[in-house]
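As structure tokens, the structure follows; a few thoughts come after it.
The numbers here are math on the coordinates, done by the rules we state, and not lab data. Since we're looking at a predicted model, the values are computed, not measured. All Cβ positions, even for glycine, are placed from backbone atoms using ideal geometry, and neighbour counts span all protein chains on display.
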Amino acid sequence: MILNTTAPLENSVENCELDSHHRLIFELIKKVEVAITDDREIEFVSTVLMELQDYASYHFGAEEALFEIHAYPEAQAHAEHHLEFRAHLSELLALTERGEKAVRLELLRFLREWLRDHIMLRDRDYIPYLRDETPRKAG
């Protein structure tokens, strides 16, 4: 199933910067999905995955910086999920680069679950903290 809309991400965390990041991550995931569905060459799929990996790292850094500024109490646990994403995506990228086509279904499953479970659910937990106009000082 090809992802077909960014509508759920329009105001997903009520922070313009992070919502913009989420929309781009969504578009990159959609690009990976299309590349795999269209059975594109390994080099193309790998390039898109590297683009996703790089942008996700940028986004995670921005998100974690805001956690610190706003003293988000679940920052460490959230950052650990980011590390898990990076590690698993790196593994899947390595398998893709080795030409293992069987990994493609696992890759799609992983990215769809990340979009659904992390961006659409877990990220919403920090809305009350990042919505505040006055940043809190960390302990």
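A few notes on this one:
- Of the trypsin sites (Lys or Arg not before Pro) found in the stretch 12-51, those in coil by DSSP whose Cβ has at most 16 other Cβ atoms within 10 Å are Arg40.
- When log10 I(q)/I(0) by the Debye sum over Cα atoms at q = 0.09, 0.16, 0.19 Å⁻¹ is calculated for this entry, the matching label among [x] -0.35, -1.03, -1.27; [y] -0.45, -0.84, -1.04; [z] -0.28, -0.81, -1.08 is [z].
- Length released on extending from Glu51 to Glu91, taking residue separation times 0.36 nm less the Cα-Cα span: 12.9 nm
- Helix 16-37 vs. the chain, principal-axis angle (Cα, 0 to 90°, nearest 10): 10
- Considering only Leu93, Leu107, Leu121, the Gaussian network model of the chain with Cα springs below 10 Å gives its largest mean-square fluctuation to Leu121.
- The residues Asp125, Asp54, when put in order of fewest to most other Cβ atoms within 10 Å, stand as Asp54, Asp125.
- Residues Arg131, Arg122 in ascending order of nearby Cβ atoms (within 10 Å, fewest first): Arg131, Arg122.
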